[in-house]
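*Asks:* Dumping the structure here so I can ask a few things about it.
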Amino acid sequence: MKKICNLATAVLFSVVILCFSAAFALLPDNAFSDEENRVLAQFPEFTWERLADGSFSAEINEYFADQFPARDLLVGVKGVTETLMLRGENNGVLLGRDGQLAVRRFKVYKSRLEQTDDMDYYYEDTLRLNVEGINAWAAENGMETVTVLPPRTVDIASSAFSYPDEITRAMHGTLAEGFTDEAGFIDLLPLFREKYDAGEYVFLRTDHHWTTLGAYYAYREIMKAFGMEDEILPPEAFSTEEVPDFYGTTWSRAGYKFVGPDVLEIWTAGDEERFTTTCLSEKMEKGEDGKPVKALSAYRSFSGWLVRDYLEGKDKYGAFLDGTHNIQTVFRDTEGTSGERERLLILKDSFANTLVPFLAQHFDLVILNLAGGITDASRYAEEFGTERALIVYNWENLITNTNPASLR
Amino acid sequence: MVFSSLIFLFAFLPVTLVLYYVIPNRKARNWVLFVLSLIFYGWGEPVYILVMLASITSAWAFGFPIAKYRESDRKRARVWMALSLCCNLTALLFFKYANFFIGNLRLLPFLTERLSPIEGLTLPIGISFYTFQIMSYTIDLYRGETDVQRNYVAFGAYVTLFPQLIAGPIVRYRDVDDQLTERRETLPLFSSGVRRFIIGLGKKVLIGDACSRVYEYARGTAQFHPTAAAAWMVVIFYTLHIYYDFSGYSDMAIGLGRMFGFRFLENFNYPYISSSITEFWRRWHMSLGTWFKEYVYIPLGGNRAGRLKQYRNIAIVWFLTGFWHGASWNFVLWGVYFGVLLMLEKTFLLKVLEKLPRVFRHLYALLFIGFGWILFSFTDLRAGWACFLSLFGGGVEAFSTPVVGYEFLRALPLLAVAAIGATPLPKRIWDGLCGCDWTAEGAVDEKGREIPVSDAPLGLRGKIFGVLTTVLCAGILLCVTAYLVDSTFSPFLYFIF
């Protein structure tokens, strides 16, 4: 019997490592992981220099992890194991009531040289710097400005977790007190918490974004802040399309394969074909006097604001505004209306993408990706003649970069 | 390359096992081990293969004159030995300590400008380990405790043998010299090695790395909100982390050795159940302790030359032990700290402790081991001191914060598993259920002699648990693979030594 056990151990071990390595060698490499929504590492370039300086061997470890056979299954095994250990989280993502996920740990920013990985505490100086940056820009941009800072899932859905809301309270304290009147700060936390606790589906469970319903509530607050309360469109003005099976970015990071999907809602007012979304980029061109000047040119444009192809794939949220672009405009045709509409400048991260359909009903939109480092907002305000400005920047971004501090 | 990487488990190891076992010839098998070990070693920094080969070659070549003269002309043999040791130690001193000495000399005002650190000098991995292994050959040869190894490949295979190459255990040449040419690979030895390897892998990846994450987090919170609770978490989880990391590595090394027919000495013997620091150092990194005892402490006179000299010898050994761990003052202090504790225990403390109830002795030992780890883990002495003060409320904002408290609660199951796993209890229970020890084959005593394994037949329960043992190993291997696939690469702590 001992011999059988010894043989079983030896054979099983050899078979497992040989099979995995054979499968690894024989199976074709994947370029992209749908489950994780990211490009996978490929076989690193081999040169003797790269071998000598260690970069080859460092990258091959990534390659092995990314292209490993049954990767998705194994990632799930880890998620289950962590749950059995009562850890309550995996890869920095909390698992809460009803499959609610929320990122707890971030790469918090102190300076370009100093960032702390996997930390829930944040650098107060970074947050204050961003608040002051927004204040300063709002004071001198000459536009009526509204600032909307969507909290993180962990802040909104705190009732779903046993995780304390110490950090939420600290951040909220700084934000609630830090803004000048000109910045037009709207405090969304109490409103969203109330809705969330009442069981309303305002934040996605598997993604870090709000739902379209959540965006609608934010839209109402923005309109009120702009003094356009009377023009707010009621929910009945939109028809709702439900896109099932949406597994968001938080889900990908968490590796909790047993957590079910979200439903992504698309609200349409029925006049989408009147809108055109244009993606622009800025290049250096020769000006009239021969000197180089920056000039905007369109590289993509499409009707409406929705790109339906995304709805078939994993990154469904990308359907709004075609994912991430640095400079975009959403204009409505002028047919049958009295000339041009008022223009609104939006400085944003991806939370704004679901807000756009609502705001586009009232303004022509010029959208700058603040999260992507587009900070020279006043120049574009002048170029497009915008009269109002809206800042949409998630709390996570406020502690992981200082782009708002460089607004000008 | 490290054992806890996918490329080792699913590329290097299968290739090595296949090549090794398809070749029937002993000499050729040593070739396989030698060449593949060089690849294993050179994986990160291939240049340093040359440094290692130079060390191996010089020690091998100097071995001939030492052996030739050791009986006829002691003086001449001693010169050759000194030369050989010089070559080895020069490499270690240069690569590991040059910049440390330069950095400290630069603190002198008139040297600040004249000296500059050597750029691009990184520590060749494992140099501290293999240098000590090579030295054990040279010294034992001179002492007549082993024979000269004429076969370069066999000697090279001894030094480079990938299981113990980069993080020990430090295998003395005389403990394996016969095995280099006459080992016998058997099925019981192989499967015992597999089990031992998988246990080590699990200890490192599932428990050690998890403790490390808690430790990193607790340490990270200090720069936001220093609390006493986080400082205690730093101590507790670092204590567990380094044990699981390093003893897990030794388990893997011993297990891999068995897969290739080698029987290595144990390196850890449940160090955290010690009831004194003296006992701790008999249980922790035993191969290093033995090395210093054999090649430094006893040659200096050990405890036979009077009390005063004995204390001097202890001081030298512990200064060197600390310094061996790293070219930084915190390691030196760490060594000195234990040297002082050991002297105190020798003079009076052990006698006092013996009168105390057992639980206090354990608490005392654990507490001072833990304080030691603060010194060890903070290369920045000021930060280490701040952490130490935080334990007792010095410079903290509060005892704890809600978030730190949450983290501690969530880490409690891990803490329980890790704490129990650091005692002999789980193994004792499992062996009891099995009616035998499935990792006994290949075990050796402290002199390197095989410990015979009982071949009593298994009862029904033993048979069931025999199967369960295999299933358990497969489960651990699967879990480890899952963790490796889903995590960024985590190297071993002892890699830097």
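*Asks:* Helices (runs of 4 or more DSSP H) wholly in segment A:115-204 with at least 2 residues that are within 13 Å of another protein chain (Cβ to nearest Cβ) and in contact with a helix residue (DSSP H, G or I) (Cβ under 9 Å, 6 or more places away or on another chain) - which ones?
*Replies:* Values: elements: A:124-140, A:153-156, A:166-178, A:189-197.
In segment A:115-204, the matching helices (runs of 4 or more DSSP H) lie at A:124-140, A:166-178.
*Asks:* Considering each of A:ALA10, A:ALA31 in turn, give the residue that is facing another protein chain (nearest Cβ under 7 Å) and in contact with a Leu (Cβ under 7 Å, 6 or more places away or on another chain). Can you show your working first?
*Replies:* On the way: A:ALA31 fails: facing another protein chain (nearest Cβ under 7 Å).
A:ALA10 is the lone residue from the list that is facing another protein chain (nearest Cβ under 7 Å) and in contact with a Leu (Cβ under 7 Å, 6 or more places away or on another chain).
*Asks:* Moving on to the next point. How many residues, within segment A:35-58, are at positive phi and within 10 Å of chain B (Cβ to nearest Cβ)? Outline the logic, then answer.
*Replies:* Narrowing segment A:35-58 to residues at positive phi: A:37, A:54.
Filter again for within 10 Å of chain B (Cβ to nearest Cβ), leaving A:54.
Residues meeting the conditions: 1.
*Asks:* Name every residue in segment B:21-34 that is crowded, with 16+ Cβ neighbours inside 10 Å and β-branched (Val, Ile, Thr), in order of residue number.
*Replies:* B:VAL32
*Asks:* Do you know which of the residues in segment B:133-189 that are touching a Gly at 6+ places or on another chain (Cβ under 9 Å) and of a type in the set (Phe, Trp, Tyr) is farthest from B:LEU89 (Cα to Cα)?
*Replies:* B:PHE155
*Asks:* Within segment A:142-162, how many residues turn out to be in contact with a strand residue (DSSP E or B) (Cβ under 8 Å, 6 or more places away or on another chain) and more than 24 Å from A:ASP125 (Cβ to Cβ)?
*Replies:* First pass over segment A:142-162, keeping only residues in contact with a strand residue (DSSP E or B) (Cβ under 8 Å, 6 or more places away or on another chain): A:143-150, A:152-154, A:156-157, A:160-161.
Those still in the list that are more than 24 Å from A:ASP125 (Cβ to Cβ) too: A:143-144, A:146, A:153, A:156-157, A:160-161.
So the count comes out to 8.
*Asks:* Give the residues of segment B:253-266 that are open to solvent by less than 10 Å² (accessible area, probe 1.4 Å) and either outside the structural domain of B:ILE198 (by TED's automatic domain parsing) or of a type in the set (D, E, K, R) (or both), sorted by residue number.
*Replies:* Scanning segment B:253-266 gives a single hit, B:ARG258.
*Asks:* Hey, any hits in segment B:431-452 for a residue that's of a type in the set (Phe, Trp, Tyr) and open to solvent by 70 Å² or more (accessible area, probe 1.4 Å)? So that I can check it myself, show each step before the final result.
*Replies:* Within segment B:431-452, the first condition is being of a type in the set (Phe, Trp, Tyr), and the residues that meet it are B:438.
From what is left, the residues that are open to solvent by 70 Å² or more (accessible area, probe 1.4 Å) are none.
The answer is no, given that none of the residues of segment B:431-452 is of a type in the set (Phe, Trp, Tyr) and open to solvent by 70 Å² or more (accessible area, probe 1.4 Å).
*Asks:* So, in segment A:13-28, how many residues would count as being closer than 16 Å to B:VAL485 by Cα and at the interface with chain B (Cβ under 7 Å from one of its Cβ atoms)?
*Replies:* The total comes to 5.
*Asks:* Okay, next question. Please determine whether any residue of segment A:95-116 is more than 28 Å from A:ASP34 (Cβ to Cβ) and among the hydrophobic types (A, V, I, L, M, F, W, C).
*Replies:* Within segment A:95-116, the subset more than 28 Å from A:ASP34 (Cβ to Cβ) is A:108-116.
When the remaining residues are screened for being among the hydrophobic types (A, V, I, L, M, F, W, C), the result is A:108, A:113.
Yes, segment A:95-116 has at least one match.
*Asks:* Being open to solvent by 10 Å² or more (accessible area, probe 1.4 Å) and in contact with an Asp or Glu (Cβ under 9 Å, 6 or more places away or on another chain) is the filter here, so list the residues in segment B:138-183 that pass it.
*Replies:* B:ILE139, B:GLY144, B:ASP147, B:GLN149, B:ARG172, B:ARG174, B:ASP177
*Asks:* Grab the helices (runs of 4 or more DSSP H) fully contained in segment B:381-445, keeping just those with 3 or more residues being touching a strand residue (DSSP E or B) at 6+ places or on another chain (Cβ under 7 Å). Step through it out loud before you land on a result.
*Replies:* Numbers: elements: B:381-391, B:402-421, B:425-434.
No helices (runs of 4 or more DSSP H) qualify here.
*Asks:* Ok, one more. Being closer than 15 Å to B:THR347 by Cα and assigned to a helix (DSSP H, G or I) is the filter here; which residues of segment B:280-312 pass it? Give the steps one after another, and end with the answer.
*Replies:* Initial filter on segment B:280-312 (closer than 15 Å to B:THR347 by Cα): B:303, B:306-312.
Result: B:ARG307, B:LEU308, B:LYS309, B:GLN310, B:TYR311, B:ARG312.
*Asks:* Right, here's the next one. Name the single residue that is surrounded by the fewest Cβ atoms within 10 Å (Cβ to Cβ) among those in segment B:71-119 being of a type in the set (Gly, Ala, Ser) and under 28 Å from B:GLY144 (Cβ atoms). Give the steps one after another, and end with the answer.
*Replies:* Going through segment B:71-119, the residues of a type in the set (Gly, Ala, Ser) turn out to be B:72, B:77, B:82, B:84, B:91, B:98, B:103, B:116.
Within this subset, residues satisfying the condition of being under 28 Å from B:GLY144 (Cβ atoms) are B:72, B:77, B:82, B:84, B:91.
Numbers: B:SER72: 8, B:ALA77: 21, B:ALA82: 13, B:SER84: 26, B:ALA91: 21.
Top of the filtered list is B:SER72.
*Asks:* Which of the residues that make up segment A:294-341 are closer than 18 Å to A:TRP267 by Cα, without any contact (Cβ under 8 Å) to a residue 24 or more places away in the chain and of a type in the set (A, V, I, L, M)?
*Replies:* A:VAL307 - this is the single residue of segment A:294-341 that is closer than 18 Å to A:TRP267 by Cα, without any contact (Cβ under 8 Å) to a residue 24 or more places away in the chain and of a type in the set (A, V, I, L, M).
*Asks:* Residues to consider are B:LEU206, B:LEU240; find the one that is within 14 Å of chain A (Cβ to nearest Cβ), open to solvent by 10 Å² or more (accessible area, probe 1.4 Å) and either in contact with a Leu (Cβ under 8 Å, 6 or more places away or on another chain) or on the phi < 0 side of the Ramachandran plot (or both). Please lay out each step first, then the result.
*Replies:* Values: B:LEU240 fails: within 14 Å of chain A (Cβ to nearest Cβ).
Only one candidate qualifies: B:LEU206.
*Asks:* Tell me whether segment B:300-322 contains one or more residues that are closer than 30 Å to B:GLY220 by Cα and open to solvent by less than 60 Å² (accessible area, probe 1.4 Å).
*Replies:* Start the filter on segment B:300-322 by keeping residues that are closer than 30 Å to B:GLY220 by Cα, which leaves B:321-322.
Of the ones still in play, those that are also open to solvent by less than 60 Å² (accessible area, probe 1.4 Å) are B:321-322.
Checked against the condition, which is being closer than 30 Å to B:GLY220 by Cα and open to solvent by less than 60 Å² (accessible area, probe 1.4 Å), segment B:300-322 yields at least one hit.
*Asks:* Could you list, in sequence order, all residues of segment A:276-293 that are without any contact (Cβ under 8 Å) to a residue 24 or more places away in the chain and closer than 30 Å to A:ASP333 by Cβ? Before the answer, list the steps.
*Replies:* First pass over segment A:276-293, keeping only residues without any contact (Cβ under 8 Å) to a residue 24 or more places away in the chain: A:283-293.
Once the filter is applied, which keeps residues that are without any contact (Cβ under 8 Å) to a residue 24 or more places away in the chain and closer than 30 Å to A:ASP333 by Cβ, segment A:276-293 yields A:LYS283, A:GLU285, A:VAL293.
*Asks:* Still on this structure, I have one more. Scan segment A:84-94 for residues that are touching a residue at least 12 places away in the same chain (Cβ under 8 Å) and within 11 Å of chain B (Cβ to nearest Cβ) and jot them down.
*Replies:* Initially, segment A:84-94 is screened for residues touching a residue at least 12 places away in the same chain (Cβ under 8 Å), giving A:88-94.
Selection gives A:GLY88, A:GLU89, A:ASN90, A:ASN91, A:GLY92, A:LEU94.
*Asks:* In this structure, is A:PRO69 within 11 Å of chain B (Cβ to nearest Cβ), part of a loop (DSSP other than H, G, I, E, B) and open to solvent by less than 30 Å² (accessible area, probe 1.4 Å)?
*Replies:* yes
Yes/no per residue for (1) touching a Ser or Thr at 6+ places or on another chain (Cβ under 7 Å); (2) open to solvent by less than 40 Å² (accessible area, probe 1.4 Å):
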site: B:SER328; (1), (2): yes, yes
site: B:PHE331; (1), (2): no, yes
site: B:PRO357; (1), (2): no, no
site: B:LEU391; (1), (2): no, yes
site: B:GLY395; (1), (2): no, no
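The values are calculated or read from the model by the stated rules, or taken from the named source; none is laboratory data. Because the structure is predicted, anything quoted here is derived from the model rather than measured. Cβ: placed from backbone, ideal geometry, glycine included. Neighbour counts: every protein chain shown. Side chains included, ligands, DNA and RNA excluded: accessible areas come from the protein's heavy atoms. Shrake-Rupley method; radii C 1.70, N 1.55, O 1.52, S 1.80 Å.
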